[in-house]
1. Determine whether region 72-81 contains at least one residue that is in contact with a Phe, Trp or Tyr (Cβ under 7 Å, 6 or more places away or on another chain) and surrounded by fewer than 17 Cβ atoms within 10 Å (Cβ to Cβ).
2. Suppose we filter 39, 66 for residues that are in contact with a Gly (Cβ under 9 Å, 6 or more places away or on another chain) and crowded, with 19+ Cβ neighbours inside 10 Å; which single one remains?
3. Within region 44-76, work out how many residues are modelled with pLDDT of 90 or more and touching a helix residue (DSSP H, G or I) at 6+ places or on another chain (Cβ under 7 Å).
4. Among the residues of region 46-79, what is the count of those that are closer than 26 Å to residue 15 by Cβ and not acidic (Asp, Glu)?
5. If I ask for residues that are without any contact (Cβ under 8 Å) to a residue 40 or more places away in the chain and over 14 Å from the mean Cα position of the chain (by Cα), which ones from region 21-42 would you list?
Amino acid sequence: MEDQAVDQHELTHPLAEAVQLTAVLAALAEPARLTMVRTVASLAGEFDPSCREVWDRSGLTAAKSTMSHHYKVLREAGIVVMWWVGPKKCIRLRRELMDVRWPGLLDAVLADQAGTPKSGSR
C-alpha cells in the first residue's frame, strides 16, 4: 500500500510581536479555556492532539460551537497554534513565544490548578 500525502495547512495566527499580555490574560481568565490550555499542555510530548482529543480529555461538556469559539480566542490571543491535518484540526501551545515574552507565566498558569473547576463553559 502506498503512503498517501495528507493535506496540511495552518490557520492564521498573530505574529509574536503582536501578541499582547492583556489578550493572553483575558483568554486564560475563562475557566473552560484555562482547562483546555492545561489539557493541551498535559498532552505535549506525547503527540500533537486534535481539538477533538483535547475536548474529550478535558471533561468539558460545551456545545461544539462554544468549543470552537474558545479555540479561536486562544489562537487569536497567541497562546496556541493550530493547523489542519486532513479532517483534523491539531493544536499546540506556543510555549516558546510565551516563555520568551513572559518568562514563567505559562508555568505558573499550568502549575496553579488548585481551585480551578472543571465545569462546562459559558
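The values are calculated or read from the model by the stated rules, or taken from the named source; none is laboratory data. Worth saying up front: this structure is predicted, and the values here are computed from it rather than measured. Positions of Cβ are generated from backbone atoms using ideal geometry, with glycine treated the same way; all protein chains shown enter the neighbour counts.
1. no
2. On inspection, the qualifying residue turns out to be 39.
3. Of the residues in region 44-76, 12 are modelled with pLDDT of 90 or more and touching a helix residue (DSSP H, G or I) at 6+ places or on another chain (Cβ under 7 Å).
4. 16
5. Initial filter on region 21-42 (without any contact (Cβ under 8 Å) to a residue 40 or more places away in the chain): 22, 25, 29, 36, 39, 42.
Selection gives 22 alone.
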